[in-house]
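Mind looking over this structure? Questions follow.
The values are calculated or read from the model by the stated rules, or taken from the named source; none is laboratory data. As the structure is a computational prediction, the values presented were derived from the model and not from experiment. Ideal geometry is used to build each Cβ from the backbone, glycine not excepted, and the neighbour counts take in all protein chains shown.
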Amino acid sequence: MLAKIRTLALRGIDGFDVSAEVDIAAGLPAYAVVGLPDAAVKESKDRVIAAVRNSGFDFPSKRITVNLSPAELKKSGTHFDLPIALGVLAASGGIEKHALEKLESLVFIGELALDGSLRPVAGVLPMLVSLKKTAVKTVIVPAGNAHEAAASGIECLHAENLKEAAAYVNGTCPLKACSADTAPRAENCPGDLSEVKNQVFAKRALEIAAAGFHNVIMVGPPGSGKSMLARRFGGLLPELSFEEKLETTKIYSASGLVKGSRLISERPFREPHHTISDAALIGGGSNPRPGEVSLAHNGVLFLDEFAEFSRPAIEALREPLEAWKVTVSRVKETVVYPARFLLIAAMNPCPCGYLGHPTKGCACTPLQVHKYRGKISGPVLDRIDLHIQLSAIQYADWEAIPKGESSRTIAERVLKAINIQCERFAVSKTRANAFMGVSEIREYCCVPEGASSVLEMAMNKLGFSARSLDKILKISRTIADLEGVAEIKREHIIEAVQYRLLDRASELSGLR
Ligand SMILES: [Zn+2]
């Protein structure tokens, strides 16, 4: 006998409908799963057999074939256990005849433990959100996913175990509806920029970064406050829109990182350690999963000790920095994850960290410094508009300096500048000043009178390339937007030149 149970599967961060077909035929006992299952799906066999038996049903000693259709798309994950087990029950009499019609209008997701209880699975939200587009059905999920399922807005019920789910189908036991998580959310308080004393220059650079979506690299000795600044950067960015919240939550759900029911409403801040592999940073693996760059989507990716990251990891950043997405190709499938993040990189000025320090001496040779800085390749550095140098904070200075502006005050200016850009780029695909192409730079970034001499000086005396002049113009545009003026002024250009530290010929060689 044949039974069909509806379920869902995940590809990247998008779901698609799957039908679990279970056929039970006479013959020697056998169990096969077809339809491009991965190892976890194949292993469902042992879980399903044990769960069915331990839930008080007979497991048929016959020839069982499970087909996950559409057969051409790869299936991965453990959430097919429940639909397969119900398919076995439906095909072997465990589900009563009168209930078979009802079964067709239901969708099941869940991993089974050997005792038949249901375990929560990853990716419930993105799978449910994609179901919306096809047809509205009742979905049965594990109790552990109930809150997350409620966030999808689809009618969902939750079950504790296989027995409960089967009893619901047979009409002998109601299931509870999934409801939103009402527990108070722990406030994530990263701190305020006013707490970072001194570093006025760096704070201003971060304001410009937030306003124009410019990536930043901070170069400074240990203890100069690089991490403190980066962790407070999120406070300058505007709130997430509903679409951004949904997109972000889908990525976290696909990674199994969603705990409550509500959509993620804060901008992500990811701070992977420099020993991370390129696969973990970018995403991938044999069962592709989003990497840190995608977990930072719509937020900030902070890479401290940037020069200590492996070369492949640094190079792998090129695709997301260029295209805002990551493409993971496998033999049977290609998965695309969104990765639109703002990069804040931080590094020491030299391997020992004390080059240019007022009191501590640097023990590095010029060659060592050159090699250290050379780890950040040109194409990656090219995607980073703002280069800033931080100096060590002396305790005496620290005591005397008053608190600076609060994050909220700066964020208000940032929001105004972002709104100006929304109007400017209303009809183009460009989203912020940082992404202007050459023609847009020519259109929106006119060099003001009297400023050509500044640019000329930058090229001749500081050794800037023509390419870095375009960056200076983009930064100047953002500075002008922060001020709310239509035309770039000479002082905007003078300020912008200061944010291109690593373009200076003397800086690149490390021989200051
Ligand atoms: Zn050194």
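Could you go through the stretch 221-243 and let me know if any residue there is within 18 Å of ASP503 (Cβ to Cβ) and either surrounded by fewer than 24 Cβ atoms within 10 Å (Cβ to Cβ) or over 17 Å from the mean Cα position of the chain (by Cα) (or both).
Kept after step one, since they are within 18 Å of ASP503 (Cβ to Cβ), are these residues of the stretch 221-243: none.
Checked against the condition, which is being within 18 Å of ASP503 (Cβ to Cβ) and either surrounded by fewer than 24 Cβ atoms within 10 Å (Cβ to Cβ) or over 17 Å from the mean Cα position of the chain (by Cα) (or both), the stretch 221-243 yields no hits at all.
Would you mind finding the one in GLY77, GLY27, GLY87, GLY56 that is assigned to a loop (DSSP other than H, G, I, E, B) and either at pLDDT 90 or above or within 21 Å of ALA166 (Cα to Cα) (or both)?
GLY56
When both residues are 6+ apart or on different chains and their Cβ atoms are under 9 Å apart, which pairs have a first residue that lies in the stretch 357-371 and is assigned by TED's automatic domain parsing to the domain that holds PRO222 and more than 20 Å from ILE393 (Cα to Cα), and a second that is part of a helix (DSSP H, G or I) and more than 9 Å from the ligand (Cβ to nearest atom)?
Cβ pairs passing all conditions: PRO366/SER509; VAL369/SER509; HIS370/LEU508; HIS370/SER509.
May I pose another question? Can you find even one residue in the stretch 270-284 that is at pLDDT 90 or above and within 16 Å of the ligand (Cβ to nearest atom)?
Taking every residue of the stretch 270-284 in turn, none turns out to be at pLDDT 90 or above and within 16 Å of the ligand (Cβ to nearest atom).
OK, next. So, of the residues in the stretch 360-380 that are within 12 Å of the ligand (Cβ to nearest atom) and part of a loop (DSSP other than H, G, I, E, B), which turns out to be surrounded by the most Cβ atoms within 10 Å (Cβ to Cβ)?
Among residues in the stretch 360-380 that are within 12 Å of the ligand (Cβ to nearest atom) and part of a loop (DSSP other than H, G, I, E, B), the one surrounded by the most Cβ atoms within 10 Å (Cβ to Cβ) is CYS364.
Among the residues of the stretch 169-185, count how many are surrounded by fewer than 22 Cβ atoms within 10 Å (Cβ to Cβ) and more than 20 Å from GLU101 (Cβ to Cβ).
9
In the stretch 133-168, how many residues are in contact with a strand residue (DSSP E or B) (Cβ under 8 Å, 6 or more places away or on another chain), crowded, with 24+ Cβ neighbours inside 10 Å and under 16 Å from ILE84 (Cβ atoms)?
6
Given the conditions (1) farther than 27 Å from GLY283 by Cβ; (2) of a type outside the set (Lys, Arg); (3) at pLDDT below 85, and given that GLY256 satisfies all but one, which numbered condition is not satisfied?
Result: GLY256 fails condition (1) only.
While we're here: Got a sec? Which of SER105, SER92 is in the same structural domain as VAL121 (by TED's automatic domain parsing), surrounded by 15 or more Cβ atoms within 10 Å (Cβ to Cβ) and out of contact with any helix residue (DSSP H, G or I) (no Cβ under 6 Å at 6 or more places or on another chain)? Don't jump to the end; show me each part of the working.
Values: SER105 fails: surrounded by 15 or more Cβ atoms within 10 Å (Cβ to Cβ).
The conditions single out SER92.
Among what's in the stretch 30-44 and is within 24 Å of VAL139 (Cβ to Cβ) and assigned to a helix (DSSP H, G or I), pick the residue that is modelled with the highest pLDDT.
SER44
Still on this structure, please answer the following. Take the conditions outside the structural domain of ARG500 (by TED's automatic domain parsing), touching a residue at least 60 places away in the same chain (Cβ under 8 Å) and farther than 24 Å from SER227 by Cα and apply them to VAL336. Does it pass?
yes
Consider ILE388 against the criteria (1) within 16 Å of the ligand (Cβ to nearest atom); (2) more than 25 Å from the chain's Cα centre (by Cα); (3) buried (at least 18 other Cβ atoms within 10 Å of the Cβ): it satisfies all of them except one. Which criterion is unmet?
Failed condition: (1).
Right, here's the next one. I want to confirm something. Restricting to the stretch 339-359 and keeping residues that are assigned to a strand (DSSP E or B) and more than 22 Å from ASN433 (Cα to Cα), which single residue is farthest from the ligand (Cβ to nearest atom)?
ALA346
Is it the case that VAL66 is more than 23 Å from ARG330 (Cβ to Cβ), assigned to a strand (DSSP E or B), of a type in the set (A, V, I, L, M) and at pLDDT 90 or above?
no
Can I ask one more? Restricting to the stretch 311-337, count the residues that are within 21 Å of GLY374 (Cα to Cα) and of a type in the set (Gly, Ala, Ser).
2
Within the stretch 3-27, take every residue that is of a type in the set (A, V, I, L, M, F, W, C) and more than 20 Å from ALA90 (Cα to Cα) and give me the one that is surrounded by the fewest Cβ atoms within 10 Å (Cβ to Cβ).
Checking each candidate, the answer is PHE16.
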